[in-house]
Amino acid sequence: MVLGALIFFAYAVVFLFRAFGSSGFEIGVETLNGVTTQQLNAINPAIMAYITHLHVATAGFIAATAVAAAGLAWYGVREGYGWAWITAVISPVLGLAVALPMHWMGHFTYDWVSHLGPIYVGTIIYVVGVALALIGLSQATPAAQVRP
């Protein structure tokens, strides 16, 4: 679980740096219908400032979720707290459930490998960790399962 969360965090850092230092819109999105960031900025700088603002906020929320999930897994799940496991599962699942469906609506073109690939890899690793942790929690002694 922690390794998957670290991949989410790394994605957020790359996302943040691309918001300020890239010619594209975000990871795997170089143009929007052939329009570059420079062209859009020339037409209306406020739109590019707003997009950058959204990307920075998105990077912050991805990073915050990664830190929360990793912390819950490392300090709560490893200690046998079922509530920590539940919270560590719900947090990234909620974020992915809100964010991913829009990627399949066809509103813009993106390189799915670089845009979503790291998140899918992190998610797969995270899910394996979730399953392993659940096996460990279910095999814990009853006294360990009832911890406050």
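The values are calculated or read from the model by the stated rules, or taken from the named source; none is laboratory data. Computed from a predicted model, the values in this text were never measured in an experiment. FYI the Cβ positions are ideal-geometry reconstructions off the backbone, even for glycines, and counts take in every protein chain you see. We work out accessible area using only protein heavy atoms, side chains counted, and drop any ligands, DNA or RNA first. Shrake-Rupley method; radii C 1.70, N 1.55, O 1.52, S 1.80 Å.
Annotations for the structure displayed:
- Note on the stretch 87-131: residues that are over 29 Å from Leu32 (Cβ atoms) and open to solvent by less than 90 Å² (accessible area, probe 1.4 Å) amount to 11.
- Verdict on Leu134 being modelled with pLDDT of 90 or more, open to solvent by less than 90 Å² (accessible area, probe 1.4 Å), part of a helix (DSSP H, G or I) and touching a Ser or Thr at 6+ places or on another chain (Cβ under 9 Å): no
- Unmet requirement for Gln38, which otherwise passes all of (1) among the polar types (S, T, N, Q); (2) open to solvent by 70 Å² or more (accessible area, probe 1.4 Å); (3) modelled with pLDDT under 90: (3)
- One residue from Val14, Val67 being closer than 30 Å to Gln139 by Cβ, among the β-branched types (Val, Ile, Thr) and within 19 Å of the chain's Cα centre (by Cα): Val67
- Residues that are assigned to a helix (DSSP H, G or I), open to solvent by less than 20 Å² (accessible area, probe 1.4 Å) and touching a residue at least 24 places away in the same chain (Cβ under 8 Å), drawn from the stretch 71-84: Ala73, Val77
- Scanning the stretch 25-35 for any residue that is more than 16 Å from Gly122 (Cβ to Cβ) and crowded, with 19+ Cβ neighbours inside 10 Å turns up at least one such residue.
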